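The values are calculated or read from the model by the stated rules, or taken from the named source; none is laboratory data. Keep in mind the model is a prediction, meaning the values are calculated, not measured. With ideal geometry, Cβ positions are generated from the backbone for all residues, glycine too; neighbour counts draw on all protein chains shown. Quick note on the areas: whole protein, heavy atoms, side chains included, nothing else; ligands and nucleic acids left out. Shrake-Rupley method; radii C 1.70, N 1.55, O 1.52, S 1.80 Å.
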Amino acid sequence: FNGWDQFIDCDNLTRVTLRNGGYIPTNAFSGCINLEEISIIQFGLSGITIQDLAFNGCEKLTTINTNSEIIFVGWQTFFDCYVLDNLLLSINSYTNDEIYSATFNNCTTLSSTIIPSNIRRIGTLAYAYCSNLLIIYSYAVVPPELEYTSSNHSPFYGVPTSATVYVPQGSGN
């Protein structure tokens, strides 16, 4: 990548393979409404960093395939990725301590998620309107602080109340 906005609003993209794609910049694929699948092949041990708004508005994005760990996800990265249902964050190598505001907002088919062990805060609307989110695996021993300005701006607003949250044995309430 040469910089931000590399493929912004490329309506004709449906599948992308990135070789040595360890860093995806801000707005890289934002608005690519027909992008369905991205494969990221990372050579080396550094993991994958996905910056702010990188896939924002990729309405048909279902899958991100990778041979490496996703170690960083920015703000509003997957906002309005309605059909995203395959994304694994690194449990123990995640480099930031927050899941940022609106990161997964409106990922309406997301059925499960992982909250890595070092997460201390989950931002406003981070998982809002994820209406099929039924399983949450939290590896944080200390429960993360939930940031919200009102009840309809909570990180999990619109997530079914029947969702199951799995936490480590001995963690706080």
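Using a 1.4 Å probe and counting only protein heavy atoms, arrange TYR82, TYR166 so the residue with the most accessible area comes first.
Descending accessible area places them as TYR166, TYR82.
What distance in nm lies between label points placed 7 Å from Cα along the C-beta direction at SER39 and THR95?
Each label point lies 7 Å from its Cα, and together they span 2.5 nm.
Ratio to report: Rg/Rh of segment 21-106, with Cα atoms as the point set and Rh obtained by the Kirkwood method; give two decimals. Don't jump to the answer; show the numbers that get you there.
Details: Rg = 11.7 Å, Rh = 12.6 Å.
Radius of gyration relative to Kirkwood radius: 0.93.
Tell me, what is the FRET efficiency for CYS10 and GLU145 to the nearest 0.05, using R0 = 41 angstrom and their Cβ-Cβ distance as r?
The formula returns an efficiency of 0.65 here.
Per residue, how much accessible area does segment 25-77 have with a 1.4 Å probe, in Å²? Don't jump to the answer; show the numbers that get you there.
On the way: 1840 Å² over 53 residues.
Computed with neighbouring chains in place, this is 35 Å² per residue.
Give, in whole angstrom and from largest to smallest, the semi-axes √(5λ) of the equivalent ellipsoid of the chain, with λ running over the eigenvalues of the Cα gyration tensor.
Here the semi-axes work out to 26, 18, 14 Å.
So, R0 is 35 Å and r is the distance between the beta-carbons of VAL165 and THR17; what FRET efficiency does that work out to, to 0.05?
After rounding, the FRET efficiency stands at 0.50.
Got a sec? What order do PHE156, PHE29, PHE43 fall in by accessible area at 1.4 Å, biggest, i.e. largest, first?
These residues rank, largest area first, as PHE43, PHE156, PHE29.
What figure in square angstrom, to the nearest 10, would you give for the accessible area of PHE7 with a 1.4 Å probe?
Accessible surface of PHE7 is approximately 70 Å².
Can you tell me the relative contact order of the chain? Whole percent, Cα pairs under 8 Å, sequence separation 6 or more.
14
Percent of accessible area on the chain owned by carbon and sulfur, 1.4 Å probe?
Within the chain, the accessible surface is 50 percent carbon and sulfur.
Can you give me the long-range amide H partners of TYR23? Hydrogens built in the peptide plane at 1.01 Å from N, cutoff under 5 Å, separation of 5 or more residues or another chain.
Here the answer is THR49, since their amide H atoms fall under 5 Å of that of TYR23.
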